[in-house]
1. Check GLY190, GLY180, GLY162 and return the single one that is touching a strand residue (DSSP E or B) at 6+ places or on another chain (Cβ under 8 Å), in a loop (DSSP other than H, G, I, E, B) and of a type outside the set (Val, Ile, Thr).
2. Would you point out the residue of the stretch 72-103, among those that are farther than 21 Å from ASP55 by Cα and touching a residue at least 24 places away in the same chain (Cβ under 8 Å), that is surrounded by the most Cβ atoms within 10 Å (Cβ to Cβ)?
3. Filter the stretch 165-189 for residues that are closer than 13 Å to ASP152 by Cβ and either of a type in the set (Lys, Arg) or touching a residue at least 40 places away in the same chain (Cβ under 8 Å) (or both) and give the result.
4. Of the residues VAL157, VAL142, VAL148, only one is assigned to a loop (DSSP other than H, G, I, E, B) and in contact with a Phe, Trp or Tyr (Cβ under 7 Å, 6 or more places away or on another chain); which?
5. Out of the stretch 154-164, which residues are without any contact (Cβ under 8 Å) to a residue 24 or more places away in the chain and within 11 Å of PRO110 (Cα to Cα)?
6. Please pick out the residue among THR185, THR206 that is crowded, with 16+ Cβ neighbours inside 10 Å and among the hydroxyl-bearing types (Ser, Thr, Tyr).
7. I need the full set of residues from the stretch 103-138 which are within 17 Å of HIS183 (Cα to Cα), in a loop (DSSP other than H, G, I, E, B), hydrophobic (A, V, I, L, M, F, W, C) and modelled with pLDDT under 90, in order please.
8. Identify the residue in the stretch 81-119 that is charged (D, E, K, R) and out of contact with any strand residue (DSSP E or B) (no Cβ under 8 Å at 6 or more places or on another chain) and, among all such residues, is nearest to GLU203 (Cα to Cα).
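The values are calculated or read from the model by the stated rules, or taken from the named source; none is laboratory data. None of these values were measured; they are calculated from a predicted model. Positions of Cβ are backbone-derived with ideal geometry, glycine not excepted, and every protein chain shown enters the neighbour counts.
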Amino acid sequence: MPSSKPTPVLLWCHGNAGNIINRLENLVELHNLGLAVFLFDYRGYGRSRGRPSEDGLYQDALAAYAHLSETRRIDPRQIVLFGRSLGAAVAGDVASRRSAAGLILESAFPSIPALAKSYMWGLPAYWLLAARYNLSDRLDKVRIPVLVIHGDRDHIVPIELGEQVFAAAHSPKAFYRVEGADHNTLYVTGGKPYFRRLKQFVEDVTG
């Protein structure tokens, strides 16, 4: 979704539920702010072929990055990585391997085991088989500015897990708490201040 003028690009790694179609309302708001966004579906999501896997999602995000940096010839200093929920771990993996201006982590968790511990009875077993999505480990290799965003009423990924992600990140970093926001209503509850904070971060890190 290009902007009407040259502008930084958000490389968007979405969460586990849904696909591109479910993000259109959110993208319209970003477009109205003048931001360009590159959104893709992982393998097995939407119209993308294949079956999802942890390594597969990482490879898909790296391919999306390559499309921007090599095919579209966008300067990495003008690419901001954005990951939401499960996509935060994917965006964090890209940030640990490739150059970018900044990293935005929304409704993120440190790892699948850490997420499981926040539930009294744990998550369904299939979440844990051969998948860890260890964002905290990857953040140890990230040296670009990081913005962590979390709703304080998130019942899927409690805000305490977002605070652990923030603690794992290196400076410069910032934590933006969205009062009253649940996991799937964060950008709606956050409203204009939320979108302004996103835009401000993008402008700050891209100059």
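1. GLY180
2. VAL80
3. ARG177, HIS183, LEU186, listed by residue number.
4. VAL157
5. Listed by number, the list holds a single entry, GLU163.
6. Criteria check complete, one pass: THR206.
7. Listed by number, the list holds a single entry, LEU123.
8. ARG98
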